[in-house]
Amino acid sequence: MKKETLAVTGMSCASCAARIEKGLKNSRGVHDVVVNLALEKAVVEFDDSQISKRDIVDKITGLGYGVIKEQPSHTGEAEPDATGMARKKEVKKLKTAFFISALLSLPLFLAMVSGLFKIPISILHNPFFQLALATPVQFVMGWRFYKNAYHSLRSLSPGMDLLVAMGTSAAYFFSIYNGFFKKMPVGEHAELYFEASAIVITLVLLGKYLEAVAKGKTSEAIKKLIALQPKLARVVRDGEEADIPIEQVVVGDTIRVRPGEKIAVDGLVTHGNSAVDESMLTGESIPVEKQPGDSILGGTINKNGSLTFTAAKVGKDTLLAQIIKVVEEAQGSKAPIQKLVDKVAGVFVPAVLFIAVITFLIWVFIVGSVSMGITAAVSVLVIACPCALGLATPTAIMVGTGKGAENGILIKNGESLETTLKVNALVLDKTGTITKGKPVVTDIVPVDGIPKSDLLSYAAGIEKSSEHPLAEAIVREAQALSVETHEAEGFSALPGKGVSAVVRDRHVLMGTREFMHENNIDIEIIAEAVRSLEGDGKTVIFAALDGEIAGVIAAADTVKENSETAIRELQSSGMEVFMVTGDNRRTAEAIGRQVGIDKAHILAQVLPERKADEVKKLQDRGYIVAMAGDGINDAPALATADIGIAMGTGTDIAIEAGDITLMNGNLKTMLTAIKLSKKTMAKIKQNLFWAFIYNIIGIPFASFGLLSPIIAGAAMAFSSVSVVGNSLSLKRFTP
């Protein structure tokens, strides 16, 4: 299976998108098709042994649409230039067509106004004068509607263009009949409807122009992300420093970046110290301190120091390129609610054509007025155009996912947005999600007569030789407090129990309670302090000097700063929050107490491979479950959950594993993600309301002759613009 994204031109409404989907799905070898009207893109999944990309392009062009050829860029994605240029060209063409159309329609509008107020201006009511003005509007400015109507009829998928072409043609040709073939009493003007056909086309063009401008704004998030990519990198090769195009950078290159410059690609710092602004990728406003050994990301900004780093990921492998890819795919996806809209769009136009015919027949044969029959039928055809239907869902998804990316929230697709709205249980992995995932020393408790600094000095001296996370925490604490450490001699380790060595001519033992018992060391003198520390969920390491207990050092995986606030806010919003961990129940409950998670909601001593089973149990109890984890060892649980939320690692696996990825690993961002999902879905529902309400109210009014074609055209144009405008209001969303 192969997946291709094609930029499609010439689509005007929901029916166009449906026609392309239907046409391609009927082709042998095509597995799936998603056409996005707002993005003007088609994502096609196909078996390239049965059908080629060229065949797919030919199929689309055969349906009457264009496909833009895009050049692959160094990120591996299509450069936006071709699509952007085509959109700008279309906006310019629509603007020109609208202004010419408006200029030619103005005298026809004045003729209508003067007729209403019985002001005699003979030139304005002259049939030849009106015909001369209306004809270029009808067949030059309105040619796009005829062309698209022809293709829609050929593929048996009538759409908006057919309605506009039929409605305006009826008014135009009826005016020709009345003006040139129908005999009128002396002194009376013929009933002409040239202004109706011309002004409707003008208003539809205005609507299309405003819609095209607004649609361009919905994809601004992608443009901002692409703009983050620097064009040049300062590379050091063979001792020479040179600025080269970013696409020429290879893994292993040494790159220098000065204060205020953008970091070119992902890499590892080798020299220098600086603070780096990563807010454009993570949404976290505070700059992150970087020193040798730290990783840095392409597209972020070096603030105040010079850095030298080695390129680790380039081109399409950089985190920024992956983010752009995820956002593009999300914006091109459909929410499940769109499937209902697609079904409605499929039967909508034939239903409207039927209503228009019935309206015309009733007015002609029952009421006895041909002119009112044509006016009412034209109004029905024009107001019922389903443009807004096709824009309601994708424009909101585009703005919502773009806004998410700006705040460090990557939402994979429209389905994830819709499902997040229904989630009522959130399972949080403890390590790395609620806690920092890195143990730190919390307490140093020596026995009487031994200074704290001495206990820490001996402990750090022996633990320097160990690779255990708790040993690293002790060494870090000694460095932080500037405690002198000495080299250990004769170091030996018993896995799972402890370590022994000689430090400063004293025999040192560090380890568990069992390790002390095995070495006949009495720990009763410090037992009460140990019970208190363990009651708080801390891990206790015993230290002995020359066969006597010297004290204990306690370490714990500390809770992230915002975890408690975020969990309480999630709970107050009606979410049931669970914690899953491999720790023993006492440690798990201690963490649970700190962040406000009920004992009954703590799932302790759960092995990584069993976390998915715990998620399944909650689903079996009727919960819609979101699971948040680090995206690596939690991948099975993330995949099992209704919504998988990968926390903050920014790794390929995290982005792949989760439906939503929180780039900064902050639980408060999860709250933002849920609120953003709710806001986006609310906008979709509002959009669908606006898209339908114009038709529900307008069609009966038009059928009864209470709506002129001009007002119908204005209402139809306004419906599309109001839907896109409503989606754009999501840009005001703030976390």
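Which one is surrounded by the fewest Cβ atoms within 10 Å (Cβ to Cβ), of the residues in the range 546-582 that are of a type outside the set (Asp, Glu), closer than 15 Å to residue 513 by Cα and out of contact with any Pro (no Cβ under 6 Å at 6 or more places or on another chain)?
547
Please specify each residue of the range 54-80 satisfying the condition of being of a type outside the set (S, T, N, Q), out of contact with any strand residue (DSSP E or B) (no Cβ under 6 Å at 6 or more places or on another chain) and at pLDDT below 90.
As a first pass, look at the range 54-80 and keep what is of a type outside the set (S, T, N, Q): 54-60, 62-70, 72, 74, 76-80.
When the remaining residues are screened for being out of contact with any strand residue (DSSP E or B) (no Cβ under 6 Å at 6 or more places or on another chain), the result is 54-55, 58-59, 62-64, 69, 72, 74, 76-80.
If the condition is that a residue be of a type outside the set (S, T, N, Q), out of contact with any strand residue (DSSP E or B) (no Cβ under 6 Å at 6 or more places or on another chain) and at pLDDT below 90, then 62, 63, 64, 69, 72, 74, 76, 77, 78, 79, 80 are the ones that fit.
Please verify whether the range 613-631 includes one or more residues that are within 18 Å of residue 662 (Cβ to Cβ) and without any contact (Cβ under 8 Å) to a residue 40 or more places away in the chain.
Within the range 613-631 (the criterion being within 18 Å of residue 662 (Cβ to Cβ) and without any contact (Cβ under 8 Å) to a residue 40 or more places away in the chain), the answer is yes, since at least one residue qualifies.
Hey, can you tell me all the residues within the range 501-525 that are out of contact with any helix residue (DSSP H, G or I) (no Cβ under 9 Å at 6 or more places or on another chain) and over 22 Å from residue 473 (Cα atoms)?
Within the range 501-525, 505, 517, 518, 519, 520, 524, 525 qualify.
Restricting the search to the range 417-470, which residues are among the polar types (S, T, N, Q), modelled with pLDDT under 90, surrounded by 18 or more Cβ atoms within 10 Å (Cβ to Cβ) and more than 21 Å from residue 567 (Cβ to Cβ)? Break it down into steps so the answer makes sense when it comes.
Just the residues of the range 417-470 that are among the polar types (S, T, N, Q), to begin with: 419-420, 424, 431, 433, 435, 442, 453, 457, 465-466.
Checking which are modelled with pLDDT under 90 leaves us with 431, 433, 435, 465-466.
Restricting the remaining residues to those that are surrounded by 18 or more Cβ atoms within 10 Å (Cβ to Cβ) gives 431, 433, 435, 466.
Result: 466, single match.
Filter the range 199-223 for residues that are at pLDDT 80 or above and open to solvent by 30 Å² or more (accessible area, probe 1.4 Å); which is nearest to residue 131 (Cα to Cα)?
Per the criteria, the residue is 203.
Mind checking which residues of the range 246-299 are among the aliphatic types (A, V, I, L, M), free of Cβ contacts under 8 Å to residues at least 24 places away in the same chain and open to solvent by less than 70 Å² (accessible area, probe 1.4 Å)?
Here is the first cut: in the range 246-299, the ones among the aliphatic types (A, V, I, L, M) are 246, 249-251, 255, 257, 263-265, 268-269, 275-276, 280-281, 286, 288, 296-297.
Going one step further and asking which of them are free of Cβ contacts under 8 Å to residues at least 24 places away in the same chain, we end up with 286, 288.
Once the filter is applied, which keeps residues that are among the aliphatic types (A, V, I, L, M), free of Cβ contacts under 8 Å to residues at least 24 places away in the same chain and open to solvent by less than 70 Å² (accessible area, probe 1.4 Å), the range 246-299 yields only 288.
What is the one condition in (1) on the phi > 0 side of the Ramachandran plot; (2) touching a residue at least 24 places away in the same chain (Cβ under 8 Å) that residue 368 does not satisfy?
So residue 368 meets the others, but not (2).
Look at residue 443 and say whether it is over 48 Å from the mean Cα position of the chain (by Cα) and not aromatic (Phe, Trp, Tyr). Even if it seems obvious, please write down each step before you answer.
On the way: over 48 Å from the mean Cα position of the chain (by Cα): no; not aromatic (Phe, Trp, Tyr): yes.
Spelling it out, it is not the case that residue 443 is over 48 Å from the mean Cα position of the chain (by Cα) and not aromatic (Phe, Trp, Tyr).
Within the range 302-344, work out how many residues are within 30 Å of residue 236 (Cα to Cα) and touching a helix residue (DSSP H, G or I) at 6+ places or on another chain (Cβ under 7 Å).
First, the residues of the range 302-344 that are within 30 Å of residue 236 (Cα to Cα): 302-325.
Next cut, touching a helix residue (DSSP H, G or I) at 6+ places or on another chain (Cβ under 7 Å) only: 315, 319-324.
So the answer is 7.
Taking residue 639 as the residue in question, decide whether it is open to solvent by 40 Å² or more (accessible area, probe 1.4 Å), in a helix (DSSP H, G or I) and among the aliphatic types (A, V, I, L, M). Step through it out loud before you land on a result.
Values: open to solvent by 40 Å² or more (accessible area, probe 1.4 Å): yes; in a helix (DSSP H, G or I): yes; among the aliphatic types (A, V, I, L, M): yes.
It is true that residue 639 is open to solvent by 40 Å² or more (accessible area, probe 1.4 Å), in a helix (DSSP H, G or I) and among the aliphatic types (A, V, I, L, M).
Of the residues 401, 393, which single one is over 28 Å from residue 166 (Cα atoms) and assigned to a helix (DSSP H, G or I)? Talk me through it step by step, then tell me what you get.
On the way: 393 fails: over 28 Å from residue 166 (Cα atoms).
Just one listed residue meets the conditions, 401.
Taking residue 361 as the residue in question, decide whether it is out of contact with any Asp or Glu (no Cβ under 7 Å at 6 or more places or on another chain) and surrounded by fewer than 24 Cβ atoms within 10 Å (Cβ to Cβ). Let's see the steps before the verdict.
On the way: out of contact with any Asp or Glu (no Cβ under 7 Å at 6 or more places or on another chain): yes; surrounded by fewer than 24 Cβ atoms within 10 Å (Cβ to Cβ): yes.
Yes; evaluated as a whole, the condition is true for this residue.
For (1) under 32 Å from the mean Cα position of the chain (by Cα); (2) at pLDDT below 85; (3) not polar (S, T, N, Q), each residue gets a yes or a no:
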position	(1), (2), (3)
572	yes, no, no
576	yes, no, yes
589	no, no, yes
593	no, no, yes
598	no, no, yes
608	yes, yes, yes
611	yes, no, yes
616	yes, no, yes
620	yes, no, yes
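So which pairs qualify, if the first residue must be in the range 411-424 and among the β-branched types (Val, Ile, Thr), the second must be in a loop (DSSP other than H, G, I, E, B), the Cβ gap must be under 6 Å, and the two must be at least 6 apart or on different chains?
Taking only residues 6 or more apart or on different chains, the pairs are 419/642; 423/624.
Counting only residues that are open to solvent by 90 Å² or more (accessible area, probe 1.4 Å) and of a type outside the set (A, V, I, L, M), which one in the range 96-125 is nearest to the chain's Cα centre (by Cα)?
Looking at residues that are open to solvent by 90 Å² or more (accessible area, probe 1.4 Å) and of a type outside the set (A, V, I, L, M), I get 99.
Scan the range 15-48 residue by residue and report those that are open to solvent by 10 Å² or more (accessible area, probe 1.4 Å), touching a Gly at 6+ places or on another chain (Cβ under 7 Å) and more than 14 Å from residue 60 (Cβ to Cβ).
39, 47 - these are the residues of the range 15-48 that are open to solvent by 10 Å² or more (accessible area, probe 1.4 Å), touching a Gly at 6+ places or on another chain (Cβ under 7 Å) and more than 14 Å from residue 60 (Cβ to Cβ).
Look at residue 196 and say whether it is within 18 Å of residue 726 (Cβ to Cβ), of a type in the set (Gly, Ala, Ser), modelled with pLDDT of 80 or more and open to solvent by less than 40 Å² (accessible area, probe 1.4 Å). Full working, then the answer.
Numbers: within 18 Å of residue 726 (Cβ to Cβ): no; of a type in the set (Gly, Ala, Ser): yes; modelled with pLDDT of 80 or more: yes; open to solvent by less than 40 Å² (accessible area, probe 1.4 Å): yes.
Judged against the criteria, residue 196 is not a match.
Mind checking which residues of the range 224-236 are under 21 Å from the mean Cα position of the chain (by Cα) and open to solvent by less than 20 Å² (accessible area, probe 1.4 Å)? Break it down stepwise before answering.
Applying the first criterion (under 21 Å from the mean Cα position of the chain (by Cα)) to the range 224-236 yields 224-229.
225 - this is the single residue of the range 224-236 that is under 21 Å from the mean Cα position of the chain (by Cα) and open to solvent by less than 20 Å² (accessible area, probe 1.4 Å).
Looking only at the range 471-500, count how many residues are buried (at least 18 other Cβ atoms within 10 Å of the Cβ), closer than 19 Å to residue 555 by Cβ and small (Gly, Ala, Ser).
5
Could you check the range 519-559 and list, in sequence order, the residues that are farther than 21 Å from residue 468 by Cα and acidic (Asp, Glu)?
522, 524, 528, 536, 546, 548
For the range 598-650, which positions are closer than 11 Å to residue 580 by Cα and among the β-branched types (Val, Ile, Thr)?
Listed by number, the residues that qualify are 602, 606, 615.
Is there a residue being part of a helix (DSSP H, G or I), out of contact with any helix residue (DSSP H, G or I) (no Cβ under 6 Å at 6 or more places or on another chain), surrounded by 14 or more Cβ atoms within 10 Å (Cβ to Cβ) and touching a residue at least 60 places away in the same chain (Cβ under 8 Å) anywhere in the range 593-612?
No, the range 593-612 contains no residue that is part of a helix (DSSP H, G or I), out of contact with any helix residue (DSSP H, G or I) (no Cβ under 6 Å at 6 or more places or on another chain), surrounded by 14 or more Cβ atoms within 10 Å (Cβ to Cβ) and touching a residue at least 60 places away in the same chain (Cβ under 8 Å).
So, residue 51, is that one at pLDDT 85 or above, in contact with a strand residue (DSSP E or B) (Cβ under 8 Å, 6 or more places away or on another chain), assigned to a helix (DSSP H, G or I) and open to solvent by less than 40 Å² (accessible area, probe 1.4 Å) or not?
Details: at pLDDT 85 or above: yes; in contact with a strand residue (DSSP E or B) (Cβ under 8 Å, 6 or more places away or on another chain): yes; assigned to a helix (DSSP H, G or I): no; open to solvent by less than 40 Å² (accessible area, probe 1.4 Å): yes.
Against the criterion (at pLDDT 85 or above, in contact with a strand residue (DSSP E or B) (Cβ under 8 Å, 6 or more places away or on another chain), assigned to a helix (DSSP H, G or I) and open to solvent by less than 40 Å² (accessible area, probe 1.4 Å)), residue 51 does not qualify.
Enumerate the pairs (first residue in the range 482-495 and within 10 Å of residue 466 (Cα to Cα); second residue anywhere and among the polar types (S, T, N, Q) and in a strand (DSSP E or B)) with beta-carbon separation below 6 Å, excluding pairs fewer than 6 apart on the same chain, so at least 6 apart or on different chains.
Qualifying pairs under 6 Å: 492/500.
Here is a list: 373, 408. Which entry is touching a Leu at 6+ places or on another chain (Cβ under 9 Å), touching a residue at least 40 places away in the same chain (Cβ under 8 Å) and either farther than 24 Å from residue 567 by Cβ or open to solvent by less than 10 Å² (accessible area, probe 1.4 Å) (or both)? Let's see the steps before the verdict.
Values: 373 fails: touching a residue at least 40 places away in the same chain (Cβ under 8 Å).
Only one candidate qualifies: 408.
Report, by residue number, each residue of the range 492-521 that is of a type in the set (D, E, K, R) and under 30 Å from residue 589 (Cβ atoms).
Filtering the range 492-521 for residues of a type in the set (D, E, K, R) gives 497, 504-506, 513-514, 518.
Correct list: 497, 513, 514, 518.
Looking only at the range 653-709, how many residues end up being part of a helix (DSSP H, G or I) and either open to solvent by 30 Å² or more (accessible area, probe 1.4 Å) or basic (Lys, Arg) (or both)?
Start the filter on the range 653-709 by keeping residues that are part of a helix (DSSP H, G or I), which leaves 653-657, 667-703, 709.
After this cut, where a residue has to be either open to solvent by 30 Å² or more (accessible area, probe 1.4 Å) or basic (Lys, Arg) (or both) as well, the list is 653, 656, 668, 675, 678-679, 682-683, 685-686, 689-690, 692-694, 696-697, 700-701.
Summing the residues that are part of a helix (DSSP H, G or I) and either open to solvent by 30 Å² or more (accessible area, probe 1.4 Å) or basic (Lys, Arg) (or both) in the range 653-709 gives 19.
The values are calculated or read from the model by the stated rules, or taken from the named source; none is laboratory data. No experiment lies behind these values; they were computed from the predicted model shown. We place every Cβ from the backbone using ideal geometry, glycine too, and count neighbours over all the protein chains shown. Quick note on the areas: whole protein, heavy atoms, side chains included, nothing else; ligands and nucleic acids left out. Shrake-Rupley method; radii C 1.70, N 1.55, O 1.52, S 1.80 Å.
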